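Computed from the coordinates by the stated procedures, all read-outs in this text should not be read as laboratory data. No experiment lies behind these values; they were computed from the predicted model shown. Note: ideal-geometry Cβ built from the backbone for every residue, glycine included; neighbour counts use all protein chains shown.
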Amino acid sequence: MDSPEIDERLARARAGTPGALSELLALYQERLERMVALRMDRARHPHFDPQDVVQDALVEATRRFGEWCAQDRYPFHVWLRLLTAQALAAAQRSARTQKRDIARDRPFDVERSGVNAPAAAEWLVSTHTTPTQAARRVEVRELVTAALEQLDELDRETLALRFFEQLSNEEAAAELGIDPATARKRFSRALQRMRPALRALESSEGGER
């Protein structure tokens, strides 16, 4: 995302300019929805909607913006993702208990929902192919899922942040709490291990054109 634009909108939101915070949050909505979609187990929770989870998170962000302004531990995008992780955890608890339990006013630290390999594979295949060769899509999806499941958990998270969610190396490192050099190394390793599955995806995509 364009850093000068973000910085300018963030400064306006800090200054209390009407509508500035809403405009700022809207810039992050699509990325946050992708973050949730990659971590939702649709097989267990078929009625989950990433938009609903993200809306809960953005309501919290609006309510707690002053709290973020008063701290210097988390960059804004990391803070938003933590609130979104809280909202997702609350939605998962709600689905299990049938009782709403939004994590209001809890500290920023929260148990993370890891990348769901089948959900990530489904997103990747559906966004890079067309439905015209259904059998081939199923085959490729299974290859991508298997490749993701074989990755170390932190490597999978790094791959998701960099490849699926298009975060910069520095943003991914901040999100994971590791240094940028380690994040870069993990991304390179994960991408290398995913090469055969990604080549199969490229082959499938090319064959449908």
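In nanometres, what is the gap between the two model label sites at GLU67 and ARG199, each 7 Å from Cα along Cα-to-Cβ?
4.9
May I ask you to compute the full-extension gain from ALA15 to SER94, defined as 0.36 nm times their residue separation minus their alpha-carbon distance, rounded to one decimal in nm?
Value of the extension gain: 24.8 nm.
Using only C-alpha atoms and all pairs of different ones, pull out the Kirkwood radius for the stretch 117-207 in Å with one decimal.
13.4
I'd like to know which of ALA121, LEU143, PHE187 lies farthest towards the positive end of the charge dipole of the stretch 117-207, counting +1 on Cβ of Lys and Arg and -1 on Cβ of Asp and Glu.
LEU143
Per residue and in cubic angstrom, what volume does the convex hull of the Cα atoms of the stretch 3-97 have?
Dividing the Cα hull volume of the stretch 3-97 by its residues yields 99 Å³.
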